[in-house]
1. Once you sort the root eigenvalues of the Cα gyration tensor of segment 8-199 as a ≥ b ≥ c, which label holds: rounded (a/c under 1.5), prolate (a/b larger than b/c) or oblate (the other case)?
2. How far is it, in nm, from the label point at LYS276 to the one at THR569 when both lie 7 Å from their Cα along the line to the Cβ?
3. Taking the highest mean first, how do the peptides 416-428, 116-128 order by number of other beta carbon atoms within 10 angstrom per residue?
4. Please name whichever of VAL542, GLN610, TRP640 sits farthest to the positive end of the charge dipole of segment 413-640, dipole taken about the Cα centre and charges placed at Cβ: Lys and Arg +1, Asp and Glu -1.
5. Can you compute 3J(HN,Hα) from phi for each residue in segment 538-544, using the Karplus curve 6.51 cos²θ - 1.76 cosθ + 1.60 with θ = phi - 60°, rounded to whole Hz and x for Gly and Pro?
6. Beta carbons within 10 angstrom, averaged per residue: use that to sort the peptides 568-574, 524-530, 266-272, highest first.
7. If neighbour count is taken as other Cβ atoms inside 10 Å, put TYR561, TYR13, TYR99 in order from fewest to most.
8. What's the exposure ranking of CYS329, CYS513, CYS506, going from fewest to most Cβ atoms within 10 Å?
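All of the numbers you see were taken from the coordinates with simple rules; none came from a lab. What you see is a predicted model, and the numbers here were worked out from it, not measured in a lab. Glycine also receives a Cβ, built like all others from the backbone with ideal geometry; neighbour counts cover every protein chain displayed.
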Amino acid sequence: MSRLSFGARLTIYILFATISVFLLVFGYNYTRTEQTIRELSRESARYLATGTVGRIEQVLQRVEQVPRYLAARLTANDISPQEVETALKDFVSSNPDVYGATVAFAQGGLPEVDKPYAPYFYKKGNGVQMVQLGNEGYQYWYQDWYMLPRQAGKPVWSEPYFDTGGGDVAMTTFSVPVYRTIKGKKKFLAVITADIAIDWLKRIVQDIKIYETGYAFILTSNAVFVVDQNDDFIMRSDHTIYELAIEAENPELKTLGYRMTAGKSGIMSMLSPKTKNAVEVLYTPITVNGWSLGVVIPEDELFSELHAQSLTILFLAISGILGIAVLVCVVAYNATRPLRALSASASEISEGHLDVGLPSVSRMDEIGRLALSFEEMRTALKEYIEDLTNTTAAKERIESELKIAKTIQANFLPKRFPPFPDRGEFDIFATLIPAREVGGDLYDFFILDDRHLFFSVGDVSDKGVPAALFMAVTKTLMKGIAEHERDPAQILYRVNDELASDNDSCMFVTLFCGVLDLHTGELVYSNAGHDAPFLIRENELVGALELPPGLVLGAMQGALYQNRRITLTANDKLLLFTDGVTEAMSTDGELFSMERLSAVASKNADKPIQELTDCVMSAVQSHAEEALQSDDITLLALHWHGRPRD
């Protein structure tokens with residue numbers, strides 16, 4: 001994206017926003033429409049199923065009325081065979097929903113007949129025929145429709161069965177047992193039945209139309225199919241809905257069977273065991289006989305119209321987006337033409353061609369103001385480059401002069417080590433790291449005569465070039481006066497008077513100096529406001545020399561200074577330093593401190609003096625880490641080996 005032009009990115013952003021809005025609206029509309037279609041389909045299926053169940057229950061209840069009436073009449077009074085046959089014939093012929101009916105008497109249940117008597121009237125063609133069920137070919141007293149109500153003592157609907165001895169059709173039977181109390185005892189008389197052909201139920205259920213492949217089915221309380229799209233499943237106790245679920249490896253179908261046989265109602269989503277497509281099954285109970293009606297709604301047909309409509313919308317949307325893309329490209333190309341010209345001019349300017357002309361823009365919109373700003377920038381850039389060229393030249397001159405000053409300052413200080421290779425009484429080493437190109441710290445040492453060594457360390461109050469000049473003056477005065485004056489206090493007194501005279505800059509310098517007798521080890525020293533050096537002795541703790549009071553040099557004329565004396569023993573060492581060592585600051589603002597310096601000196605006391613100063617410098621740098629050096633750092637170490645042998 002970063003390599004594309006502004007116009008191309010603008011086109012992409014607009015198209016992305018357009019497509020995003022369309023997808024959001026399309027997705028929301030699709031989801032809402034799908035939900036609405038699903039709810040309407042469920043509601044329609046629910047109404048259809050409820051209506052069908054209502055029709056079935058109405059017929060079943062109407063069928064139940066005559067057997068119940070006849071049972072009540074037979075319970076109260078005796079009835080002749082002619083009356084029984086007349087009542088049954090009238091019942092079957094007048095009721096279009098009933099296929100057949102019978103009154104199956106128990107042995108002795110009808111006084112006029114001394115043998116099994118069960119006249120069965122059923123429809124055949126356009127009339128009604130009768131057949132006696134009580135014969136060797138059809139012993140009705142062993143049939144479920146006879147035995148179950150007798151054992152239960154109440155009316156029952158039978159499981160669907162194929163009647164081979166009566167009507168020779170698939171049917172379900174409503175059976176009412178008849179009892180009469182004779183001399184205080186309850187006597188079983190007969191079973192009155194009414195048969196409904198399964199074909200009648202099938203015709204009612206087949207009236208339920210659910211799209212092209214949707215269908216309805218009926219389950220008994222024993223999970224046997226009474227009506228189904230597949231005739232192979234009907235009335236087969238060995239092929240219930242549970243066996244079908246196992247064969248199809250469909251646990252949802254098994255759950256559906258549990259719910260339907262339990263008389264529950266609801267909706268389940270599952271895969272069809274026949275087509276393996278997603279379907280919804282709405283189920284509701286037939287309360288009269290304990291069966292259940294299920295309605296299968298195929299989801300692919302349910303949403304087929306929605307999918308077709310969505311494809312049409314997508315096609316129109318893609319066409320519209322392509323049209324918008326062409327329009328946006330044209331608009332973006334024309335709108336960004338001044339920007340492209342301005343970009344080309346800016347590229348020339350970026351290559352250093354500051355005299356190139358910018359395109360003229362008459363309008364004062366954002367592009368016009370940008371072109372005006374570029375023109376002002378080009379003019380300002382030319383002036384800035386010219387000023388920068390002059391400034392850079394001046395800076396280079398200053399840096400060159402500072403390098404020269406640094407070299408000159410370094411030449412002021414002793415820098416060859418060991419400085420006196422022919423003198424075995426002592427070793428001396430010093431190092432100085434300025435905070436800037438030039439610094440204000442100083443150190444010096446030189447031999448006054450055959451047995452005396454002068455050394456000093458100082459720190460000017462400022463930094464940079466002024467401090468370097470003040471340091472040079474101080475060092476020159478110290479050396480010039482020390483060559484004629486051996487007393488350290490007098491040296492400081494005379495140097496102070498010279499520095500304090502006409503000191504308009506109010507600069508000053510702290511300084512420690514001493515004169516060491518190389519034969520006896522006697523050290524005479526004086527101090528002008530400087531930190532006390534460390535005395536390092538074998539088998540003793542590192543300690544600071546006791547300093548006499550003394551004002552810094554250059555602050556005030558006439559200041560007096562005092563001497564102190566100490567006799568060094570063989571292998572004693574002195575470590576002189578400036579406050580740039582102890583005040584070196586870490587990144588979190590912590591100072592290096594006297595304590596750390598003393599610890600480092602103690603740890604490395606037995607090392608040669610150059611290694612000793614290197615260890616101290618390494619510790620300071622490790623403490624400071626990446627922090628910027630804020631002050632000059634100076635170290636001077638002196639090792640007196642002892643009285644020389646004659």
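1. Because a/c hits 1.5 or more and a/b exceeds b/c, segment 8-199 counts as prolate.
2. According to this spin-label approximation, the distance is 10.4 nm.
3. Going from most to least packed, we get 116-128, 416-428.
4. It is TRP640.
5. Calculated HN-Hα couplings, in order: 5, 6, 9, 6, 5, x, 8 Hz.
6. The packing order, highest mean first, is 524-530, 568-574, 266-272.
7. Values: TYR561 23, TYR13 13, TYR99 27.
Going from least to most buried by this count: TYR13, TYR561, TYR99.
8. CYS506, CYS329, CYS513
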